[in-house]
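Quick notes on the structure that follows.
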């Protein structure tokens with residue numbers, strides 16, 4: 001029987017690549033989407049016309065109650081969640097001087113609280129079955145910081161603290177918990193940056209002199225979700241073209 005993989009924020013550029021990669025490896029893939037998202041049906045139809053068989057479930061990942069309802073729906077329609085990829089995230093970039101409490105709360109709730117909200121629902125089943133994979137998608141900026149991102153960097157750094165602590169608790173039960181920290185990836189959001197800014201401000205700081213590909217991030221996640229990665233847990237794997245080494 002195919003294992004079930006749940007990807008939060010799976011409709012974005014990176015999330016879509018993760019869903020496609022996991023489906024190609026035989027996982028039954030479910031993605032969350034924001035309640036009221038009007039593009040869900042068209043996206044699912046487009047993906048499923050290519051033979052992927054994705055399912056979409058509405059979920060406000062910042063809400064514990066919504067996460068609880070989401071997992072119940074996934075279990076009823078697809079089965080117990082074996083792989084959880086916490087990929088959903090937002091930005092509210094500005095200097096700390098200009099940042100409001102609402103700007104801080106929105107990012108912390110969506111990027112960090114969501115990791116607790118979603119993982120809390122699936123962990124009991126993983127422990128009972130003695131197998132599970134949790135991959136938390138953090139960021140280069142959670143490691144080195146970034147101007148105008150105190151909220152985002154704090155949330156992304158917090159994700160790895162969560163990873164390390166939970167990994168210690170569940171390691172003996174065959175469940176792994178890992179973080180990946182991508183650098184600049186060629187998603188639609190990054191490609192919308194003016195070319196002169198990319199050429200003068202971003203690429204010169206990447207030793208490989210290019211943006212990462214969503215498929216490269218998805219490949220790393222697929223490895224961490226595999227049987228071969230059973231001895232990898234509590235790790236934070238940097239994937240940034242050499243931009244920041246630690």
_For the structure I just gave you, tell me whether residue 31 is buried (at least 16 other Cβ atoms within 10 Å of the Cβ) and over 18 Å from residue 126 (Cα atoms)._
yes
*Among residues belonging to the range 90-112 that are under 13 Å from the mean Cα position of the chain (by Cα) and modelled with pLDDT of 95 or more, point out the one that is surrounded by the fewest Cβ atoms within 10 Å (Cβ to Cβ).*
110
*Take the range 107-160 and flag every residue that is without any contact (Cβ under 8 Å) to a residue 40 or more places away in the chain and either assigned to a helix (DSSP H, G or I) or closer than 19 Å to residue 234 by Cα (or both).*
124, 128, 141, 142, 153, 157
_Unmet criterion (only one of (1) under 30 Å from residue 245 (Cβ atoms); (2) modelled with pLDDT of 95 or more) for residue 147_ = (2)
*asked:* Is it the case, given these coordinates, that residue 237 is surrounded by fewer than 18 Cβ atoms within 10 Å (Cβ to Cβ), in contact with a strand residue (DSSP E or B) (Cβ under 9 Å, 6 or more places away or on another chain), modelled with pLDDT of 95 or more and not in a helix (DSSP H, G or I)?
replied: yes
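For every residue, the table says whether it meets (1) in contact with a strand residue (DSSP E or B) (Cβ under 6 Å, 6 or more places away or on another chain); (2) more than 20 Å from residue 23 (Cβ to Cβ).
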position	(1), (2)
51	no, no
66	no, yes
80	no, no
84	yes, no
101	no, yes
_Residue under question is residue 193, and the condition is that it be in a loop (DSSP other than H, G, I, E, B) and either free of Cβ contacts under 8 Å to residues at least 24 places away in the same chain or under 21 Å from the mean Cα position of the chain (by Cα) (or both); does it hold?_
yes
*Could you tell me whether the range 31-54 includes any residue that is in a helix (DSSP H, G or I) and under 18 Å from the mean Cα position of the chain (by Cα)?*
no
*Of everything in the range 161-185 that's surrounded by fewer than 17 Cβ atoms within 10 Å (Cβ to Cβ) and touching a residue at least 40 places away in the same chain (Cβ under 8 Å), which residue is farthest from residue 231 (Cα to Cα)?*
164
*out of contact with any strand residue (DSSP E or B) (no Cβ under 7 Å at 6 or more places or on another chain) and within 30 Å of residue 243 (Cβ to Cβ), is that true of residue 112?*
yes
*Yes or no: residue 64 exposed (fewer than 15 other Cβ atoms within 10 Å of the Cβ), over 24 Å from residue 131 (Cβ atoms) and in contact with a helix residue (DSSP H, G or I) (Cβ under 8 Å, 6 or more places away or on another chain)?*
no
_Complete set of residues in the range 79-97 that are touching a helix residue (DSSP H, G or I) at 6+ places or on another chain (Cβ under 8 Å) and assigned to a loop (DSSP other than H, G, I, E, B)_ = 80, 87, 88, 89, 90, 91, 92, 93, 94, 96
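The values are calculated or read from the model by the stated rules, or taken from the named source; none is laboratory data. What you see is a predicted model; the values in this text were computed from it and never measured. Virtual Cβ from ideal backbone geometry, glycine too; neighbours counted across all protein chains shown.
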